[in-house]
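The numbers here are math on the coordinates, done by the rules we state, and not lab data. All values derive from a computational prediction rather than experimental measurement. Please note: Cβ atoms are built from the backbone with ideal geometry, for glycine as well, and neighbour counts cover all protein chains shown.
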């Protein structure tokens, strides 16, 4: 007896099996796609949760590296003073040997003018520079982004001068050429600190533009660009190294109280 290979539907039994198998494969592919989408969704959710934490960790790492830079600045300045009978550097002429040079576009562009990079052009260097030379401590890791955003906003910026930071730390001008032994409370007077690249009155009438932070003269103040929210660059902090060698986190309202023994009375905001 011969059994027909065809069912009433016109499909072979073998063909029917193939159809069912293909259907199962399609289901398997469908489940795999759904699983992939679920995995992608989970990864996206984890990234959304983790990215703020990673960004905060990155900012904190740069903040700590900046503290280390300023700690080194303080140590080098103490070495300089020790070699100079206790006299501290001149805030204007110890890094660069002159306040102005006849061939530079403007001295306020010196901090970002590649032609005045002392590593490449040591002929412009002042007496303090040899203590710092080659130490790779002149620029805070967080400052590059700030320079890109605000570097051309400082007073007397010369169009065409590239913004490529050579340094971003400035010295308390009140200490210029004074002896360390003249001061009793070393933990209350800052040595070097950081400034903003923009003006926010009444806190400062100049932005960062040279190696001297003239808080006592009421021109400059501490900056606010560390750990600040992107939407509000005025709510952050900066670092400063003090005469006792300690590096502190400071706010711009701290500028006057830490600038000199009588600095607190100079504050334009009543602090």
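Data for the structure
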quantity: Residues in the range 142-159 reached by a label modelled at residue 199 [backbone nitrogen below 17 Å; 7 Å Cα→Cβ]; calculated: 150-159
quantity: Rounded to whole Å, sorted largest first: equivalent-ellipsoid semi-axes of the range 163-271, Cα gyration tensor; calculated: 22, 15, 13
quantity: Largest to smallest principal axis extent of the C-alpha atoms in the chain, angstrom; calculated: 121, 42, 34
quantity: Estimated FRET transfer efficiency (residue 101, residue 56; beta-carbon r; R0 35 Å; 0.05); calculated: 0.25
quantity: Tail beyond 20 Å, pair distance distribution of the range 54-175 (Cα, percent); calculated: 48 percent
quantity: Residues 43, 137, 199, sorted so that the one with the fewest Cβ neighbours within 10 Å comes first; calculated: 43, 199, 137
quantity: Relative packing of peptides 120-132, 64-76 - highest average C-beta neighbours within 10 Å first; calculated: 64-76, 120-132
quantity: Where labels lie 7 Å past Cα in the beta-carbon direction, separation of residue 135 and residue 40 in nm; calculated: 5.2 nm
quantity: Residue exposure sequence - 226, 185 - by fewest surrounding Cβ within 10 Å; calculated: 185, 226
quantity: The range 141-205: proportion of alpha-carbon pairs further apart than 19 angstrom, %; calculated: 48 percent
quantity: Antiparallel DSSP beta bridges within the chain, percent to nearest 5; calculated: 90 percent
quantity: Where labels lie 7 Å past Cα in the beta-carbon direction, separation of residue 185 and residue 229 in nm; calculated: 3.4 nm
quantity: Rg(Cα)/(2.2 N^0.38 Å) for the range 107-224, N = residue count; calculated: 1.09
quantity: Contour excess over end-to-end distance, with Cα ends at residue 249 and residue 145 and 0.36 nm allotted per residue; calculated: 35.4 nm
quantity: Ranked list, fewest to most other Cβ atoms within 10 Å of each Cβ, for 188, 195, 217; calculated: 217, 188, 195
quantity: Alpha carbon centroid spacing (whole Å) that separates the range 218-271 from the range 126-173; calculated: 18 Å
quantity: R0 of 35 Å, Cβ-Cβ distance residue 159-residue 68: FRET efficiency to nearest 0.05; calculated: 0.50
